[in-house]
1. Anything in segment 168-221 that is part of a strand (DSSP E or B), farther than 29 Å from Val298 by Cα and either within 16 Å of the ligand (Cβ to nearest atom) or touching a residue at least 60 places away in the same chain (Cβ under 8 Å) (or both)? List them, or say none.
2. Tally the residues that are more than 15 Å from the ligand (Cβ to nearest atom) and either free of Cβ contacts under 8 Å to residues at least 60 places away in the same chain or of a type in the set (Ser, Thr, Tyr) (or both), restricting the search to segment 118-150.
3. Filtering segment 26-59 down to residues that are aliphatic (A, V, I, L, M), buried (at least 20 other Cβ atoms within 10 Å of the Cβ) and under 16 Å from Val119 (Cβ atoms), which residue is nearest to the ligand (Cβ to nearest atom)?
4. Could you please find all residues in segment 224-237 being of a type outside the set (Asp, Glu) and out of contact with any Gly (no Cβ under 9 Å at 6 or more places or on another chain)?
5. Condition first: buried (at least 24 other Cβ atoms within 10 Å of the Cβ), touching an Asp or Glu at 6+ places or on another chain (Cβ under 9 Å) and not hydrophobic (A, V, I, L, M, F, W, C). Now tell me which residues in segment 9-25 satisfy that.
6. Among the numbered criteria (1) over 23 Å from Ser311 (Cβ atoms); (2) within 15 Å of the ligand (Cβ to nearest atom), which one does Lys4 miss?
7. Residues Phe236, Phe297: which one is within 26 Å of Phe103 (Cβ to Cβ) and modelled with pLDDT under 95?
8. Can you tell me which residue is farthest from Lys4 (Cα to Cα) among those in segment 90-126 that are part of a loop (DSSP other than H, G, I, E, B) and out of contact with any strand residue (DSSP E or B) (no Cβ under 8 Å at 6 or more places or on another chain)?
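The values are calculated or read from the model by the stated rules, or taken from the named source; none is laboratory data. All values derive from a computational prediction rather than experimental measurement. Cβ placement follows ideal geometry from the backbone for every residue including glycine, while neighbour counts extend to all protein chains displayed.
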Amino acid sequence: MKNKVKVSAPGKLMLFGEHSVVYGRPCIVTAVNQRMRVTVEVTKGDGIELVAPNVGIKNFKASISTPLDKLPKGARFVFAAVKNFNKKYKVVSGLCIKTQSGFSSEFGFGSSSSVTVCVVKALSQIFDIDICSNILFDICYRSVLDVQGVGSGFDIAAAIWGGTLYFVGGGKTINCITKKKMPLVVGYTGIKADTTTLVKRVSELRKSNLKLVDSIFDIIDSIVNMVHKLIVNNDFDNFGQLANLNQGLLDSLGVSTPKLSDLIFAARSAGAYGAKLSGAGGGDCMIAFVSNKKRIFVEKAIEKAGGKVISIKTGAKGVKIEK
Ligand code: MEV
């Protein structure tokens, strides 16, 4: 047993296939070079101490048996991760957990999923338990579902495996397709989106228009599969049209917003190959696929339209132990 372990995991950026992936369909997600860092230390007693300044938790202590909905929001993923780990491996100990995010939880880069992966990975090191990536995924995905009730698990997979993944909802397939950098620009709308609300909204729409919405998902599947082939062939220039098509379909599902549209149209007018929202919609970020020549013009256009360009690199390394 070790006393103290430090772990880091990347944030994620959804490229293609958001929302449909919730229904067991495929998506393409990439890990970004902005990382969550978590230190887990064994303490006396059986309480969990949490220091998570990025989500406003300065020094919180509670018993691990506290129901998740009685905890502050920023503590729920950490406690769910510890609970599920303890349940599987029958180990209990007092812990002090410190989290430090390299990115704002506002961007929708998946700070909750990265933190969940870091905590479970760190616990496996503390208790000398060898867990493979698939088991790590199962424990973390269970924890995310315990907290938010919905989700495909794509963000957990990106935090564990890193790179750019072809992921099928629930983790039925998880393939790393490239570690290369994607030629893209990310623009933040300045509006924090609530994933659960947006997933529920699409679910309501699907309930009342099952055939239509499933046909939209079928087309998104085709787009994702075409993108998969383009990535394998290193053909990033042809992402643009597919991004525009995916955006049109997301708009028809009611998850785009005027602000997202402004940034997307500004990027296209400035010469991007194509652009779309990334993630749940309702705010958060948009992405534009660009050539090197046009990058600066697209970035300026996004800023002029009221967005904030966020500098990231794609295909980052998955979860790792830090010295
Ligand atoms: C949110 O970033 C992406 C969604 O597809 C939800 C999920 O896959 O968990 C909307």
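1. Step one: list which residues in segment 168-221 are part of a strand (DSSP E or B), which gives 168, 173-178, 184-188.
Now narrow it down to the ones that are farther than 29 Å from Val298 by Cα: 168, 173-175.
Answer for segment 168-221, where residues must be part of a strand (DSSP E or B), farther than 29 Å from Val298 by Cα and either within 16 Å of the ligand (Cβ to nearest atom) or touching a residue at least 60 places away in the same chain (Cβ under 8 Å) (or both): Val168, Thr173, Ile174.
2. Keep residues of segment 118-150 that are more than 15 Å from the ligand (Cβ to nearest atom), which gives 118-136, 138-139.
Narrowing further to those that are either free of Cβ contacts under 8 Å to residues at least 60 places away in the same chain or of a type in the set (Ser, Thr, Tyr) (or both): 120, 124, 129-135, 138-139.
Residues in segment 118-150 being more than 15 Å from the ligand (Cβ to nearest atom) and either free of Cβ contacts under 8 Å to residues at least 60 places away in the same chain or of a type in the set (Ser, Thr, Tyr) (or both): 11 in total.
3. Kept after step one, since they are aliphatic (A, V, I, L, M), are these residues of segment 26-59: 28-29, 31-32, 36, 38, 40, 42, 48, 50-52, 55, 57.
Checking the rest, the ones that are also buried (at least 20 other Cβ atoms within 10 Å of the Cβ) come to 28-29, 31-32, 36, 38, 40, 48, 50, 52.
Retained after the next criterion (residues that are under 16 Å from Val119 (Cβ atoms)): 36, 38, 40, 48, 50, 52.
Numbers: Met36: 16, Val38: 21, Val40: 25, Ile48: 26, Leu50: 24, Ala52: 21 Å.
For segment 26-59, the residue satisfying everything is Met36.
4. Filtering segment 224-237 down to residues of a type outside the set (Asp, Glu) leaves 224-234, 236.
Those that are of a type outside the set (Asp, Glu) and out of contact with any Gly (no Cβ under 9 Å at 6 or more places or on another chain): Asn225, Met226, His228, Lys229, Leu230, Ile231, Val232, Asn233, Asn234, Phe236.
5. Passing the criteria: Gly11, Lys12, Gly17, Ser20.
6. Unmet for Lys4, out of (1) over 23 Å from Ser311 (Cβ atoms); (2) within 15 Å of the ligand (Cβ to nearest atom): (2).
7. Values: Phe297 fails: modelled with pLDDT under 95.
Answer to the selection: Phe236.
8. The first filter runs over segment 90-126 and keeps only residues part of a loop (DSSP other than H, G, I, E, B), leaving 90-93, 102-104, 108-110.
So of that shortlist, the ones also out of contact with any strand residue (DSSP E or B) (no Cβ under 8 Å at 6 or more places or on another chain) come out as 90-92, 104.
Numbers: Lys90: 19, Val91: 16, Val92: 15, Ser104: 26 Å.
Restricting to residues being part of a loop (DSSP other than H, G, I, E, B) and out of contact with any strand residue (DSSP E or B) (no Cβ under 8 Å at 6 or more places or on another chain), the top hit is Ser104.
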